[in-house]
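The values are calculated or read from the model by the stated rules, or taken from the named source; none is laboratory data. Everything quoted here is computed from the prediction, not taken from an experiment. Please note: Cβ atoms are built from the backbone with ideal geometry, for glycine as well, and neighbour counts cover all protein chains shown.
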Amino acid sequence: MDQITRQISEIGVVPVIKLNHPERDAAPLAKALCEGGVAVAEVTFRAAGAATAIKLMKEACPDMIVGAGTVLTTVQIDEAIAAGAQFIVTPGMDPELVKYAQEKKLPIFPGCTTPTDYHTAYKLGLEVLKFFPAEQSGGLAKIKAMSAPFPMFKVMPTGGISLKNLGDYAKAPVIAACGGSYMVTADLIDNQKWAEITDLCKQSVAIVREARNG
């Protein structure tokens, strides 16, 4: 496991962010996350200005790990790298994107939910996979079942993760970290509820710590 992935795993939770106003919100959001003990973010390319958001978050908090999510093309990978992204997340398993990110020496976590996805990831030499959409695809039970024939992988589930089930996921040895947007919802960001975001991050870190050490 590379250093960036290891650091993400140590934090245990990855906010999945869609920013509608990056110039206004990226810097204060980065600071709110870091103050809450979650110095990592996946900025999705579902919103225009994602590259700008990545750049501004890195400028505001240089030690923060910021990556690009919902990446669908090699052009977006190039944009993410130029903005300072440190990892790539794709919604599905696309060998072309995986190989391109690997050529750029950038960690990539493709969305995988089937044995075929996992087998493809194995042949590509990956170690950590995104499991998306997690709850809708069978949740923790399926992740554990998939780890029987594929014990070499750690998994980052995203989709349907909340404070209610975060501990259950974090407790499982197969889980590297959990992705979620519950601490960075549109309401919280658009209304600039930075203190509330920081509090949700603190709660998340405490849940992960208790789950892993309990």
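Scanning the stretch 128-142 for any residue that is crowded, with 17+ Cβ neighbours inside 10 Å, among the aromatic types (Phe, Trp, Tyr) and over 17 Å from Gly69 (Cα atoms) turns up nothing. Being closer than 17 Å to Pro15 by Cβ, modelled with pLDDT of 95 or more, aliphatic (A, V, I, L, M) and in contact with a Phe, Trp or Tyr (Cβ under 7 Å, 6 or more places away or on another chain) is a property that holds for Val89. Can you confirm whether Lys130 is assigned to a strand (DSSP E or B), closer than 18 Å to Met1 by Cα, modelled with pLDDT of 95 or more and out of contact with any helix residue (DSSP H, G or I) (no Cβ under 7 Å at 6 or more places or on another chain)? Here the answer is yes, as Lys130 does meet what is asked. Screening the stretch 95-115 for residues that are assigned to a loop (DSSP other than H, G, I, E, B) and touching a helix residue (DSSP H, G or I) at 6+ places or on another chain (Cβ under 9 Å) and picking the one that is surrounded by the fewest Cβ atoms within 10 Å (Cβ to Cβ) gives Thr114. When the stretch 171-200 is filtered for residues that are within 14 Å of the chain's Cα centre (by Cα) and either part of a helix (DSSP H, G or I) or among the aliphatic types (A, V, I, L, M) (or both), the ones remaining, listed by number, are Ile175, Ala176, Ala177, Met183, Val184.
Listed by first and then second residue, the pairs with beta-carbon distance under 6 Å, at least 6 apart or on different chains, first residue in the stretch 144-172 and over 18 Å from Thr5 (Cβ atoms), second assigned to a loop (DSSP other than H, G, I, E, B), are Gly159/Phe132; Gly159/Pro133; Gly159/Ala134; Gly160/Ala134; Ser162/Tyr182. Among the residues that make up the stretch 2-13, is at least one of them of a type in the set (D, E, K, R) and crowded, with 19+ Cβ neighbours inside 10 Å? Taking every residue of the stretch 2-13 in turn, none turns out to be of a type in the set (D, E, K, R) and crowded, with 19+ Cβ neighbours inside 10 Å. If the condition is being over 16 Å from Val205 (Cα atoms), aliphatic (A, V, I, L, M) and part of a strand (DSSP E or B), then the stretch 149-170 contributes only Val155. The residues listed here are Ile175, Ile189; of these, the one that is β-branched (Val, Ile, Thr) and out of contact with any Asp or Glu (no Cβ under 6 Å at 6 or more places or on another chain) is Ile175.
Quick grid of which residues meet (1) surrounded by fewer than 18 Cβ atoms within 10 Å (Cβ to Cβ); (2) under 30 Å from Thr116 (Cβ atoms):
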{"position": "Tyr169", "(1), (2)": "no, yes"}
{"position": "Ile175", "(1), (2)": "no, yes"}
{"position": "Val184", "(1), (2)": "no, no"}
{"position": "Asn191", "(1), (2)": "yes, no"}
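Looking across Ile4, Ile8, one residue alone is touching a Phe, Trp or Tyr at 6+ places or on another chain (Cβ under 8 Å) and under 16 Å from Ala80 (Cα atoms). It is Ile4. Only a single criterion out of (1) more than 17 Å from the chain's Cα centre (by Cα); (2) surrounded by fewer than 18 Cβ atoms within 10 Å (Cβ to Cβ); (3) of a type outside the set (Lys, Arg) is not satisfied by Tyr118, namely (2).
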